[in-house]
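Please read the structure below before turning to the comments.
Here, each number is a calculation from the coordinates, and none is a lab measurement. Since the model is a prediction, treat every value here as computed from it, not as a measurement. Cβ: placed from backbone, ideal geometry, glycine included. Neighbour counts: every protein chain shown.
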Amino acid sequence: MKKWLIYVLGIISGIVLTLAFAFCVNLSNNSGIIGLEIFEEPGENMGYSQFEVFQVLESGGALANADDTFDATVFIIPDERQQFYDNQKIVLKNDQCAQRVGTYRYNTKMGIEKTVPAVRIVESAELPLPDKTIASKSNSGKTLFDKPGDCVSRKNFEIQNVLESGDAIALEIRETISGYVFTSDLEVLILAQEGSNFYNNQIVKAPQGKCARQIGNYKYQNYGTTKVIPIIAFK
């Protein structure tokens, strides 16, 4: 009986140590910040020129609005010299840029989960990685066509929700007035792209000369109702 108990305790201890080690490795890769996912390679220059901090986290990082708009929120990862504070205004120098290096997932005070780009303020940025569609982590609810279908829109889209698979549900942008985005009722699923993970309120621009063609359907549950929306790709 005693040997059996020691054996079981040994197995449990091994599992606990393995999980603890994996957790520590994950925190190490993400600068010890829960919710932060760092890319294997740095991403693109976000193109922002200034930020206003609205919340400083215990990790030292800061949530900020970019370019005086509430629709563009980022998580700024500090370096050794940066100490953020509430309502701080950060204006980038001519030789600086906000380089996207990952994503940050958090819950707002209203309990809404958001995913925003994680950036570092650097002297220069790497070129963006190729815009190449990758296989989704989960095909649940998705039906892909053998070949592209009709063009559903030639307008831009705003990301509304980032799924666990990395894919994103988005709404067509009807118009933008004074920095405020107004969307239509056209809801679509955009498949994840390699090196450019989606984030909430991201504007996905339609490449010039191309349109959003339906390449499949996505079925999901929304407040107890089944919805079917087109899966699109710009072609």
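Gyration tensor analysis over the Cα atoms of region 152-201 returns equivalent ellipsoid semi-axes of 20, 12, 9 Å (largest first, whole Å). Backbone phi angles across region 141-158, fed through the Karplus curve with coefficients 6.51, -1.76 and 1.60 (θ = phi - 60°), yield HN-Hα couplings of x, 9, 10, 9, 7, 5, 8, x, x, 6, 7, 9, 6, 10, 9, 7, 10, 10 Hz in residue order; Gly and Pro are listed as x. Spin-label model, Arg174/Gln82: points 7 Å from Cα along the beta carbon direction are separated by 3.7 nm. Highest average first, the peptides 56-62, 213-219 ordered by how many other beta carbon atoms sit within 10 Å of their residues are 213-219, 56-62. Applying the Karplus relation 6.51 cos²θ - 1.76 cosθ + 1.60 with θ = phi - 60° to region 74-85 yields 3J(HN,Hα) values of 9, 10, 9, 8, x, 9, 5, 9, 9, 10, 7, 8 Hz, where x marks Gly and Pro.
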